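Trainee: What follows is a single structure, and I will ask about it in a moment.
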Amino acid sequence: MSPSPRRPTSADVAARAGVSRATVSMVLNGRVEGTVAPATQQRVLAAAAELGYTRSALAISLKERRSRTIGLITDEIATSPFAGRMARAASMIAAQHDYLVITVDLSLRDHTVEDAARLLAERQVDGLIYATMGRVRVPLPDVPPGIPLVLLNCEVEGDEEAAAPPTFLPDDYGGARRAARRLVETGHRRIAMLSGDDRSLGVVEREAGFRDELATAGIEPRVAPAGWQIDDGYRVAARLLAEPEPPTGMFCIRDRVAAGALHAATAAGVSVPGDLSVIGFDDEDFFAERLVPKLTTIALPHEEMGRLAMAALLARLAGDGVVGGEGVEVVECPLVERDSVGSAPEG
């Protein structure tokens with residue numbers, strides 16, 4: 001078996017280009033302004049390309065005393081179609097600052113958050129983000145000293161809140177208020193919420209926002225526990241639409257529940273949005289805009305949350321403080337208008 005070819009070095013590039021290693025270093029690290037002639041720069045770059053030379057990340061990290069890598073610990077984001085926008089947006093911000101993101105998905109390993117943090121610390125990551133698919137409360141993660149941490153879509157529980165790292169959450173409460181307000185603005189008075197069937201943070205916050213907005217409008221709120229899937233929305237919406245005075249507006253805990261409500265309306269011969277207006281929550285990729293009619297919904301700001309979390313972490317690494325300050329930053333959930341909301345029917 002023939003030996004593997006030797007990896008080219010900066011000395012090889014210098015010899016091929018007829019320059020010093022210092023000149024090669026300046027060109028390949030972008031420190032050439034006023035020091036290296038353009039023709040010489042081109043000669044060095046051509047020599048590096050011909051030899052297939054790549055810089056050593058290890059050597060650079062030893063010199064800079066940082067690895068320019070970020071550890072992203074997730075529960076199911078990396079293996080799920082949901083909430084992937086958070087990870088994608090965070091990775092894009094990292095790439096813009098010449099950082100690489102290493103992801104550890106806890107659903108693929110028998111690991112705790114602390115196990116993952118130690119594993120990533122052994123890889124010499126400069127900082128950590130812990131992101132969850134659903135909004136949850138978690139114990140304060142115990143990460144190795146000297147590695148800054150940012151929380152994304154999860155918050156520290158109980159007495160540990162005062163010691164929480166920078167945290168970025170969606171405004172579930174405000175988003176639900178905006179959905180209820182839209183139905184009120186379009187003249188609806190018989191409004192029902194198809195909620196989840198648990199007491200998760202998302203359910204609690206969205207129900208509270210819905211109730212408070214309708215109370216402000218002088219309307220008695222009605223909350224019907226349903227679930228999180230299409231068949232849950234269908235089952236509960238079908239029951240409500242069969243009542244003598246059915247709701248003319250429905251706010252659903254999730255886009256998939258709203259899809260079930262749309263199917264129930266079609267089965268009952270109820271026009272959307274002529275007789276019934278429906279609003280979802282999530283603005284799920286490749287889903288909400290493809291329903292018939294296209295679903296008006298409240299968007300989870302996962303992209304913005306991912307950007308803010310990574311920007312906050314990079315700011316800490318740069319010593320510039322934390323974007324948004326320490327503590328919790330709640331990110332607005334905007335209304336996305338499509339075709340499933342109309343004026344309340346007369347009568």
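Trainee: Among the residues of segment 313-332, is there at least one that is more than 30 Å from Arg68 (Cβ to Cβ) and part of a loop (DSSP other than H, G, I, E, B)?
Mentor: yes
Trainee: Okay, next question. Just to be sure I understand, how many residues within segment 82-120 are of a type in the set (A, V, I, L, M) and without any contact (Cβ under 8 Å) to a residue 40 or more places away in the chain?
Mentor: Matching residues across segment 82-120 total 8.
Trainee: Hey, another quick one. Give segment 271-298 a look and list any residue that's part of a helix (DSSP H, G or I) and among the hydrophobic types (A, V, I, L, M, F, W, C), or say none. Explain how you work it out, then say what you get.
Mentor: The first filter runs over segment 271-298 and keeps only residues part of a helix (DSSP H, G or I), leaving 288-290.
Within segment 271-298, Ala288 is the sole residue that qualifies.
Trainee: Please find, among Arg177, Arg182, the residue that is under 14 Å from Met250 (Cα atoms), among the charged types (D, E, K, R) and free of Cβ contacts under 8 Å to residues at least 40 places away in the same chain. Write out each step before concluding.
Mentor: Numbers: Arg182 fails: free of Cβ contacts under 8 Å to residues at least 40 places away in the same chain.
After applying the criteria, what remains is Arg177.
Trainee: Additional query: Give the residues of segment 277-292 that are open to solvent by 40 Å² or more (accessible area, probe 1.4 Å) and at positive phi, sorted by residue number. Break it down into steps so the answer makes sense when it comes.
Mentor: Step one: filter segment 277-292 for residues open to solvent by 40 Å² or more (accessible area, probe 1.4 Å), giving 285-286, 289-290, 292.
Phe286, the sole residue that qualifies.
Trainee: Is segment 263-276 home to any residue that is more than 30 Å from Ser67 (Cα to Cα), surrounded by fewer than 20 Cβ atoms within 10 Å (Cβ to Cβ) and touching a Phe, Trp or Tyr at 6+ places or on another chain (Cβ under 6 Å)?
Mentor: So the first thing to find is which residues in segment 263-276 are more than 30 Å from Ser67 (Cα to Cα), and the list is 263-276.
Those still in the list that are surrounded by fewer than 20 Cβ atoms within 10 Å (Cβ to Cβ) too: 263, 266-271, 274-275.
Retained after the next criterion (residues that are touching a Phe, Trp or Tyr at 6+ places or on another chain (Cβ under 6 Å)): 263.
Scanning segment 263-276 turns up at least one residue that is more than 30 Å from Ser67 (Cα to Cα), surrounded by fewer than 20 Cβ atoms within 10 Å (Cβ to Cβ) and touching a Phe, Trp or Tyr at 6+ places or on another chain (Cβ under 6 Å).
Trainee: Being modelled with pLDDT of 95 or more, in contact with a Ser or Thr (Cβ under 7 Å, 6 or more places away or on another chain), open to solvent by 10 Å² or more (accessible area, probe 1.4 Å) and of a type outside the set (Ser, Thr, Tyr) is true for just one of Glu185, Glu207. Which residue is that?
Mentor: Values: Glu185 fails: in contact with a Ser or Thr (Cβ under 7 Å, 6 or more places away or on another chain).
Selected residue: Glu207, the only one of Glu185, Glu207 that is modelled with pLDDT of 95 or more, in contact with a Ser or Thr (Cβ under 7 Å, 6 or more places away or on another chain), open to solvent by 10 Å² or more (accessible area, probe 1.4 Å) and of a type outside the set (Ser, Thr, Tyr).
Trainee: Give just the number: which of (1) in contact with a strand residue (DSSP E or B) (Cβ under 6 Å, 6 or more places away or on another chain); (2) modelled with pLDDT of 95 or more; (3) among the aliphatic types (A, V, I, L, M) does Leu120 not satisfy?
Mentor: Looking at each condition in turn, Leu120 falls short on (2).
Trainee: Among the candidates Leu62, Leu100, Leu51, which residue alone is at pLDDT 80 or above and among the aliphatic types (A, V, I, L, M)?
Mentor: On the way: Leu62 fails: at pLDDT 80 or above; Leu51 fails: at pLDDT 80 or above.
Only one candidate passes the filter, namely Leu100.
Trainee: Quick one: which helices (runs of 4 or more DSSP H) lie wholly within segment 195-270 and hold at least 2 residues that are closer than 30 Å to Val156 by Cα? Steps first, please.
Mentor: Numbers: elements: 201-216, 230-241, 255-267.
Hits in segment 195-270: 201-216, 255-267.
The values are calculated or read from the model by the stated rules, or taken from the named source; none is laboratory data. Computed from a predicted structure; not experimentally measured. We place every Cβ from the backbone using ideal geometry, glycine too, and count neighbours over all the protein chains shown. Keep in mind that these areas ignore ligands, DNA and RNA; they rest on the heavy atoms of the full protein, side chains included. Shrake-Rupley method; radii C 1.70, N 1.55, O 1.52, S 1.80 Å.
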